[in-house]
Structure formats: C-alpha cells, structure tokens
Amino acid sequence: MGIFDKLRGEFIDIIEWVDATHDTIIYKFPRYNNEIKMNGKLVVRESQEALFLNEGVLADTYKPGTHTLTTQNMPILSTLRGWKYGFESPFKVDVYYVSTKQFIGQKWGTLNPITLNDDRFGMIELRAFGVFGFQVIDGGKFFKEVAGTNPNFTTEGVFGQLRSIVVTRFTDMLGESGITIDRIASNLDEISKLGLERINPDLEGYGIKLTNFLVENVSMPDELKKEIFEYSRLNKVDMQKLAQMKAAKSIEIAAGNEGGAAGIGAGIASGMAIGNVMTNSLNTQQNNGGGNTMPPPVAQYYFAVNGERKGPFGAEQLPALVESGEVKQDTMVWKTGMADWAKASTVADFANVFTSVPPPPPPAI
C-alpha cells in the first residue's frame, strides 16, 4: 500500500492557484519533480489565465474554467511532443498562472517639473501627480515581453516602466492639448481622459492596458498662481470704476508731492491718461466680442518736451495740461490726422483751451 501511495504522490491530479496576495501578476505552479497526470484537472479561476510551457516554449493557453488535460484540449503541446492516437502517459510542463484582475491605486508623479509654453504667461514649470490602474489583457504576450520565466512576478517589476510611460505621454499630451494654464485646475477630468487615450496605445505591445488614469493635482510656482489670480480678477472687474479709482489715487499722490498746482495738473493728466487707456481697452474687448456698431475713433494728442514725446492724451485732458504749464503756446504738439508737428497755439483744439483757461493769479502784495 505504501508503494502505491508513493507512486500516486509522483503524479499531479489537480492544478490550481488561489492568490493570497494583492500584487502578484505571474505565479509558477510548484511542480518540482512531479509529473502531470493525463486526465488531471486544471482549474483556472475568474481573473486568471494559465500558460503551459514545454521546454521553454509557450504552448497552450487556458481561460477561466475547469479543464480536463487530454491531448484533445492541448493541441499545441500534443504537436510539440508528437503524441499520437491519444497517448496517455504523464507529462512534464511548466505551468504559469497570470492574474488578469485590475491592479488599482498605482501612484505616479513627475520627478522633474514639466516645462510648457503658455501664450499669456510664457515658459512655465508644472508638477503633476495622481493614480492609475492596469491589468493584463494578453497573458502570453505579457509573459514573453515583460515577465519572462520569473516564477513570482509582482507589480513592482513592471511599475517603474509603466510610470515612465505614463509621465512621458502625459507631458506630451498636456503640451498639445491646448488647455491654457489657468484652466488646467478646472479640467482635470478632461485631462485624465485625454491621458488615458494617449497612454494605452503604447502598452498594447506589452499585453497590458490602463483601466483608469487620474490626475489628482497639477501644481505650479506661487508667483505664477498669483499672476493667474490677478489676471482672473482683472477679467471680472468693472473697468470704468477701476479707471476712476486709479485717477483718484494719482491725484492724491501728486498733490502730496512738491510742485503745487503743476503736480496736481500732472496727476490729473496721468490719472486721466490711465482712465483713457482702460476705457479704450474695455471698448476694444467689447467690440471684439461681436458688437454690431464700432465707436468713432478718439483723437490722441501728443506734445514734445526737450525732444521727448509725451502722451497720448484725450481732449478732456488738455485744460489740465495747459493750466499746469506742461503745454504752452509754443509747445510743439501733434494729434491723429495731422501731417506734422505744430505749435500748440496754431492747433484749434489747443487754441480754444488757451482762451478759456485763466492766466496765473497776480502775485500777493
């Protein structure tokens, strides 16, 4: 009886693998010196695939189910071994199980900053991180291209390569997506989907695919964040009120400086110039947005002092310039539409101002 027990122990009747780990991708069934018995049972559970190797050559592949091992359901192995007429002897092969479940929660991140060129903010550096999940979709291809004959291949063995592919393709995708830097944070879901589409074609040759890809955060330098916040607030602010506030501040600052009336006049001119620029900028944005009526062009005035051009100024600013003494009757001026510079006293708009602005008060007695 002991002899028969010993002989039975040399044959394997049932081949199966119950995975007790969370990271094993490939597991080699421990056959040792035992032979597999013809008509033995091969159990392949859901989320598994079984591979038979004969002398290092990949032979038959089995999907989930219970398989009775006969020459009929081992066509490639039967051909390699030359079995004919249903030869029933035990045989030796290497049996590898491949886990086809999803391996989720794999973390990725950019080791070095991503450099991008934004139309408004120029060259910028970003960092990104998130998670992804993957699974084996072709056990034979994954075995040949990645794992080889490693008897216990885990996620650690493939993670480094996967992360490199993920980061490289994500960087390319982000640069080509056309998503502006200030819209990245509000489009993480769209960016994640684009990343998944870009990465998976590179993984087909390895017999694996990403089942999900998530960008959890894209970070940028604090100075860039500040610029983006200011830019965003500028788009929301009332430009007319902002212009009035700037003008009031300019007048207040000028009045506190040395120069008296001249300083105040310069402050008024400066403030009104700011207001004019702001207003024109707002009008331009509104017109570009699809307005049907374009406003008439506004005349722009310039004057020259010691060979230096100053301006532009609007018509409403001329009295302040004359009253402050910045523009005198012999000051050379020019406005839109004039062929050349001319003395202020010869230009109608300035001449009218000279007659309406009172002269300086007489000195105190």
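When each of Gly178, Gly195, Gly148, Gly105 is tested for being under 28 Å from Gln48 (Cα atoms) and without any contact (Cβ under 8 Å) to a residue 12 or more places away in the chain, the lone residue that passes is Gly148. In region 90-121, of all residues being of a type in the set (S, T, N, Q) and within 23 Å of Asn150 (Cβ to Cβ), the one that is surrounded by the most Cβ atoms within 10 Å (Cβ to Cβ) corresponds to Ser99.
For region 38-63, the set of residues classified as closer than 15 Å to Ile14 by Cα and in contact with a Lys or Arg (Cβ under 9 Å, 6 or more places away or on another chain) consists of Val44, Ala50, listed by residue number. For region 34-51, the count of residues that are surrounded by 14 or more Cβ atoms within 10 Å (Cβ to Cβ), under 22 Å from His22 (Cβ atoms) and among the acidic types (Asp, Glu) is nonzero. Looking at region 316-347 only, could you name the residues that are out of contact with any helix residue (DSSP H, G or I) (no Cβ under 9 Å at 6 or more places or on another chain) and modelled with pLDDT under 85? Result: Thr336, Gly337, Met338, Ala339. Candidates Val167, Val218, Val158: the one that is of a type outside the set (D, E, K, R) and closer than 18 Å to Gln102 by Cα is Val158. In region 297-338, which residues are small (Gly, Ala, Ser) and not in a loop (DSSP other than H, G, I, E, B)? Ala304, Gly311, Ala315, Ala320, listed by residue number.
So for region 65-77 (the condition being closer than 24 Å to Gly207 by Cα, at pLDDT below 90 and assigned to a loop (DSSP other than H, G, I, E, B)), does at least one residue qualify? Yes: region 65-77 contains one or more residues that are closer than 24 Å to Gly207 by Cα, at pLDDT below 90 and assigned to a loop (DSSP other than H, G, I, E, B).
Considering the conditions (1) in the same structural domain as Tyr27 (by TED's automatic domain parsing); (2) closer than 23 Å to Thr24 by Cα, Thr149 is excluded by exactly one of them, (1).
The values are calculated or read from the model by the stated rules, or taken from the named source; none is laboratory data. Treat the numbers as computed from the prediction; the structure is a model and nothing was measured. Neighbour counts run over all protein chains shown; Cβ positions are idealised from the backbone, glycine included.
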